[in-house]
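The values are calculated or read from the model by the stated rules, or taken from the named source; none is laboratory data. On a predicted model such as this, the values are computed, not experimentally measured, just so you know. Methodologically, a virtual Cβ is constructed for each residue, glycine included, from the backbone with ideal geometry; neighbour enumeration extends over all protein chains shown.
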Amino acid sequence: MNLRTVRKAVGTAAFVIVGIVVIAGGAALVLSLASSRPSTSNQPHGPATVSVAALDGNGQYVSNATLRVGDELKLNVTVPSWTSPIAVHQVFGGRVDGDLAWNVNATGHSYTIDSGPARSTDLGVHQAYVVVAFADGSIVKSNEVTVAVTI
C-alpha cells in the first residue's frame, strides 16, 4: 500500500465521519427545538384543557356520534375562558386537516369545525380529536371522540 492510497482512504473516512457528525447534530437540534415547545398551556390559572364533542345525527354534541352519509360532520371545540387560542386543527380517522385561525373576539372560547356533509369515503368508525395552539406558544391535544358514519 502506498502513501497516496493511505491518504485517499483517510480523507474518505474523515469525510464520512464529518458527515455523520453534521447529520447527528442537525437531528439533535430538531429534537431539542421540538422538545422545548410546551405540551400544555402554562397560563396563570394552570394548564389549559381542550375538550371536543361531535355532532350526532340528532343535532346533539356527544362523545360517540353516529352519522349517516350526508349528515353534517362537525366538531365543537371548547377551551377555558382565561386562555388565548390562536389556531386549531382536527385529526379525523388519522387524517390531519389544516390549521384554522381562531379569533377569540369573533367566536369566543368555543369553535365549531364544519367539515361539511359526511361522504361515502367516510364510512366506518373513526377517532377524532383536535389540537389547539395558544398565544403562549403551547400546543394542547383534546380528548378523542368516536364518529361512526353509516349508510
Checked Gly116, Gly98 against criteria (modelled with pLDDT under 95, exposed (fewer than 11 other Cβ atoms within 10 Å of the Cβ) and in contact with a Leu (Cβ under 7 Å, 6 or more places away or on another chain)); the one match is Gly116
What number of residues within the stretch 49-73 are within 17 Å of the chain's Cα centre (by Cα) and not polar (S, T, N, Q)? 3
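Is it the case, given these coordinates, that Val104 is under 14 Å from the mean Cα position of the chain (by Cα) and more than 11 Å from Ala54 (Cβ to Cβ)?
For Val104, the condition - under 14 Å from the mean Cα position of the chain (by Cα) and more than 11 Å from Ala54 (Cβ to Cβ) - is not met.
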Being assigned to a strand (DSSP E or B) and touching a Pro at 6+ places or on another chain (Cβ under 9 Å) is the filter here; which residues of the stretch 100-129 pass it? Tyr111
Output yes when any residue across the stretch 135-145 is within 12 Å of the chain's Cα centre (by Cα) and either aliphatic (A, V, I, L, M) or not assigned by TED's automatic domain parsing to the domain that holds Gly70 (or both), and no when none is. yes
Can you tell me how many residues in the stretch 42-93 are on the phi > 0 side of the Ramachandran plot and touching a strand residue (DSSP E or B) at 6+ places or on another chain (Cβ under 8 Å)? 2
If you take the residues of the stretch 64-95 that are polar (S, T, N, Q) and surrounded by 14 or more Cβ atoms within 10 Å (Cβ to Cβ), which of them is nearest to Ala133 (Cα to Cα)? Ser84
Give the residues of the stretch 61-99 that are part of a strand (DSSP E or B), of a type in the set (A, V, I, L, M) and more than 13 Å from Val147 (Cβ to Cβ), sorted by residue number. Val77, Ile86, Ala87, Val88, Val96
